[in-house]
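Have a look at the structure below, then the notes.
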Amino acid sequence: MTGEPTPRIYVASLADYNAGRLWGRWIDADQSIESITAQVNEMLASSPEPDAEEWAIHDFEGFGPLHLGEWENLEQVATIGRGIAEHGVIFAYWAMHLGRGDWGELATFEDCYTGRFDSLTEWAEEQLDAMGIDIDAHDDNPFSQYWHFDLEAFARDLASDYVVYEADDGVYIFEP
């Protein structure tokens with residue numbers, strides 16, 4: 001997705017780190033696990049420290065609100081990186097919602113993602129339209145002028161049955 005930074009990780013050699021030296025490499029995380037693993041192995045093989053075999057993620061960027069730990073599974077990092085590259089930072093919100101224990105369910109993103117809206121009320125209005133309900137319509141009842149539909153309350157109630165993330169650029173909605 002254009003305009004957003006490529007998700008990437010800084011992988012460091014622990015042998016070098018323990019020897020007081022910073023040795024590592026920035027690796028784009030939107031690649032295959034094979035490519036990421038090969039780059040980690042190349043970084044370790046080029047280390048000035050003999051027997052550099054262990055690594056850790058010491059930094060990351062482009063993952064939006066998602067924070068990676070030092071020992072993340074590279075296959076899951078690659079899946080998240082590719083998801084962010086394809087769908088934008090909302091994929092990182094989906095990973096946060098699932099939690100590390102359920103990252104195996106990342107593939108359900110497209111089934112659960114409803115969309116981005118400017119506000120909860122915009123989304124609620126779309127839901128009402130889909131149901132064929134026009135809250136501005138007045139029938140022939142002379143008392144209809146006294147009826148008021150609280151769209152904001154409806155939106156809040158509707159949202160309680162969904163996964164909602166409010167970000168700077170709008171509201172992201174997922175079906176549970």
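The values are calculated or read from the model by the stated rules, or taken from the named source; none is laboratory data. Model, not experiment: these values are computed from the prediction. Methodologically, a virtual Cβ is constructed for each residue, glycine included, from the backbone with ideal geometry; neighbour enumeration extends over all protein chains shown.
Structure summary
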quantity	calculated
Residues within region 32-61 that are within 22 Å of Gly104 (Cβ to Cβ) and small (Gly, Ala, Ser), tallied	2
Top-ranked residue in region 150-169 [being part of a strand (DSSP E or B) and either hydrophobic (A, V, I, L, M, F, W, C) or more than 14 Å from the chain's Cα centre (by Cα) (or both); ranked as nearest to Leu98 (Cα to Cα)]	Val163
Pair list, Cβ < 7 Å and 6+ apart or interchain, from region 28-40 residues that are modelled with pLDDT of 95 or more to residues that are surrounded by fewer than 17 Cβ atoms within 10 Å (Cβ to Cβ) and in a loop (DSSP other than H, G, I, E, B)	Asp28/Thr6; Asp30/Thr6
Some residue of region 81-92 being of a type outside the set (Val, Ile, Thr), surrounded by 20 or more Cβ atoms within 10 Å (Cβ to Cβ), within 27 Å of Tyr165 (Cα to Cα) and out of contact with any Gly (no Cβ under 9 Å at 6 or more places or on another chain)	yes
Selection status of Ala15, surrounded by 14 or more Cβ atoms within 10 Å (Cβ to Cβ) and assigned to a loop (DSSP other than H, G, I, E, B)	no
